1. I'm checking my understanding of the structure. Among residues of segment 94-103 that are on the phi < 0 side of the Ramachandran plot and open to solvent by less than 80 Å² (accessible area, probe 1.4 Å), which one is modelled with the lowest pLDDT?
2. Identify all residues within segment 188-227 that are among the β-branched types (Val, Ile, Thr), assigned to a loop (DSSP other than H, G, I, E, B) and surrounded by 12 or more Cβ atoms within 10 Å (Cβ to Cβ); write none if there are none.
3. Among the numbered criteria (1) open to solvent by 20 Å² or more (accessible area, probe 1.4 Å); (2) in contact with a helix residue (DSSP H, G or I) (Cβ under 6 Å, 6 or more places away or on another chain); (3) at pLDDT 90 or above, which one does GLU312 miss?
4. In the list GLU67, GLU46, which residue meets the criterion of being in a helix (DSSP H, G or I), out of contact with any Lys or Arg (no Cβ under 9 Å at 6 or more places or on another chain) and at pLDDT 85 or above?
5. With (1) surrounded by 13 or more Cβ atoms within 10 Å (Cβ to Cβ); (2) modelled with pLDDT under 85 as the list, and MET1 as the residue in question, which single condition is left unmet?
6. Give all pairs with beta carbons closer than 6 Å in which a residue from segment 71-93 that is in contact (Cβ under 8 Å) with a residue 12 or more places away in the chain and open to solvent by less than 20 Å² (accessible area, probe 1.4 Å) meets a residue that is of a type in the set (Lys, Arg) and outside any loop (DSSP other than H, G, I, E, B); count only pairs at least 6 apart in sequence or on separate chains.
7. Do we have any residue at all in segment 71-84 that's part of a helix (DSSP H, G or I) and in contact with a helix residue (DSSP H, G or I) (Cβ under 9 Å, 6 or more places away or on another chain)?
8. So in segment 355-377, with the set limited to residues that are open to solvent by 20 Å² or more (accessible area, probe 1.4 Å) and either in contact with a strand residue (DSSP E or B) (Cβ under 7 Å, 6 or more places away or on another chain) or of a type in the set (Val, Ile, Thr) (or both), which one is nearest to GLU341 (Cα to Cα)?
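The values are calculated or read from the model by the stated rules, or taken from the named source; none is laboratory data. All values derive from a computational prediction rather than experimental measurement. Cβ placement follows ideal geometry from the backbone for every residue including glycine, while neighbour counts extend to all protein chains displayed. Each accessible area value is taken on the protein alone, full model and side chains, heavy atoms only, with ligands, DNA and RNA left out. Shrake-Rupley method; radii C 1.70, N 1.55, O 1.52, S 1.80 Å.
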Amino acid sequence: MKTTAARLSALYLLLFGVCAIGLVVYMTSVSVRILVTQTQETINEESMSLVRAYERGGLPFLVRVVEQRARQPGANLYLIADPNGRILSGNVESLEPGVLETVGWTSRPFFYKRYGERGPLQPPAEDGGPPAPGAQPPHAAMALVLRLPNQLIMLVGRDLGEPERFRSVVQRALILALGTMGLGAFLIWYFVGRTALRRIDSVSEASRRIMGGDLTGRLPVTGASDEFDRLSENLNTMLARIAVLNEGLKQVSDNIAHDLKTPLTRLRSRAETTLSRARGESDYRAALEATIAESDQLIRTFNAILMISRLEAGYSAEQTETLDLTQVVADVVELYEPLAEESGVALETRIDGNLVVDGNRELLAQALSNVVDNAIKYCAGHAETPLVRVTATRAGGDVRIEISDNGPGIAPEDRGRATERFVRLEQSRSQPGSGLGLSLAKAVMGFHQGSLSLGDAAPGLKVIMTVPVRRGGA
């Protein structure tokens, strides 16, 4: 009873019991009321029939009709008595005292004795005790008492044994049915509840192992596809995501320590060299300018790391809007045309119109700039006629942007690592950069519910970026 499931089940069982008892009482009382009403209607019709018989043939004809009907199987109670209460005709030997003194319906069921029964009429004891030895059990009835014009008394009634037996049958049937249902509900609660509690215990045990440091552990899934399985699957997905983020955090920490150690060491070495060898203001100025440039690169690196972390976490202070990627791609291409011309790289474009998406212009432009800059940088000097091709088209429900070059490309086994932070596949590291360009572009695409993938341009590298078109857009 310390669990919520057990308490709720007990509460539902209590409510079910109360409702079951109320249903038994209600159905029993309604059934008896219906039978009593039908009995009264039958007695009324029978009484009117006897009154009409009396009006047609007087007392002799009435007595013959009563005697005839009294001898029929399952007959009503018939009684004709003089003004003093002495029974003249009928199928009743004696009545409970005081019944014939009233006119109309009897105020309560009364007791009577049939012909041929032994012993005197003895109503049941008030305490509900058994009748005296040798006495017949009393019969209860309800009746309509009428005064005839000659002051004779006529009683027409109906034994209440049938309604009582019907009420007893209905009551026993309802109690048996509801009792069976209650027992079944208790057994279902017990076994199903124990199964549910065992599953909760297994989830708790798995959670304790995970909290203890075993991040490879997962919550159990039975395959029943119920709410426990759905909850476990969602939590397992969350745990897998946490494990990936932890691994990424470890890699980022290692990469920061490795990649930022070199520029910091250069800064310190430059400062020491300047202090030991500088001879004039120009030397100090040159050293400070180089230090500022190196610091700006470090700041850009840290800003890129922070931006990637925010985007991968699904949070960004940047606002999205409805924009046309046609213009964004065209602006980025126009921005890099001078650099491409200076590097001897041909820049070709094919941009469709009306590429409407929901996104952030600055983030998308930054991602495109990173990829175009990489394509120009690694393509120059690696082909007889260096070429970078930029295409933006509508592909189903996405805008598909492809940036390909005919440079050295990336080996298929290294393409998965190329989008990780601080990964630079150029072993010589002769090209400037921090290894965050593709990582930031991939994070931007993920923030926009899109994707970034690498392919073979044969020769060279092809970067494919997709962004969903605006909902409801053409």
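1. Among them, the one singled out is THR102.
2. Here is the first cut: in segment 188-227, the residues among the β-branched types (Val, Ile, Thr) are 188, 192, 195, 200, 203, 210, 216, 221-222.
Among the residues that remain, those that are also assigned to a loop (DSSP other than H, G, I, E, B) are: 216, 221-222.
Selection gives VAL221, THR222.
3. Result: GLU312 fails condition (3) only.
4. GLU67
5. Condition (1) is where MET1 drops out.
6. Filtered contacts from segment 71-93: ASN76/ARG158.
7. Within segment 71-84, none of the residues are part of a helix (DSSP H, G or I) and in contact with a helix residue (DSSP H, G or I) (Cβ under 9 Å, 6 or more places away or on another chain).
8. ARG361
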